[in-house]
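The values are calculated or read from the model by the stated rules, or taken from the named source; none is laboratory data. Predicted model only: the values in this text are computed from it and were never measured. Counting neighbours? That spans all protein chains shown, and the Cβs are built from the backbone with ideal geometry, glycine included.
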Amino acid sequence: MSLSHLNSTDIARALTQLQHELLLAARAHDWQRLRAMDRQLLALVQRITQAGAKAQFSAQLSALQQNYQHVLQLAKHELQRTELQMAQFNKNRPGVVAYQQTTEGKTP
């Protein structure tokens, strides 16, 4: 695909819009939407790369890289939070099961 097939204004706008949506999805913990935005950005970056236009969009691609780092940090934080919740759940599970059995008239 040559650069003539890429409208640089539309590409720049799409990069900016998708990055914005990527950040919104990450902040909202909307992981399905984040995955969709990620696929769309990947396809767009591949088009830019195949067209040999990376230099033309270097500012937008640099911003994209910074935003991705931010999204990765948000995702890592969410993973850690979820792992902590699961560990707490697993720690409390025997007591919860015993309580449930007691209230249902069963003994452990």
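With respect to residue 34, is the statement that it is in a helix (DSSP H, G or I), surrounded by 13 or more Cβ atoms within 10 Å (Cβ to Cβ) and touching a Phe, Trp or Tyr at 6+ places or on another chain (Cβ under 9 Å) true?
no
Can you confirm whether segment 85-102 contains a residue that is among the basic types (Lys, Arg), within 25 Å of the chain's Cα centre (by Cα) and either closer than 21 Å to residue 10 by Cβ or assigned to a helix (DSSP H, G or I) (or both)?
no
Check 23, 15 and return the single one that is touching a residue at least 40 places away in the same chain (Cβ under 8 Å), within 14 Å of residue 66 (Cα to Cα) and buried (at least 18 other Cβ atoms within 10 Å of the Cβ).
The match here is 15.
I'd like to verify a number: residues in segment 55-80 that are surrounded by 13 or more Cβ atoms within 10 Å (Cβ to Cβ), assigned to a loop (DSSP other than H, G, I, E, B) and either free of Cβ contacts under 8 Å to residues at least 40 places away in the same chain or not polar (S, T, N, Q) (or both), how many?
1
Every residue, every condition in (1) among the basic types (Lys, Arg); (2) at pLDDT 90 or above, yes or no:
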| residue | (1), (2) |
| --- | --- |
| 1 | no, no |
| 4 | no, no |
| 14 | no, no |
| 19 | no, no |
| 23 | no, no |
| 69 | no, yes |
| 80 | no, yes |
| 83 | no, yes |
| 106 | yes, no |
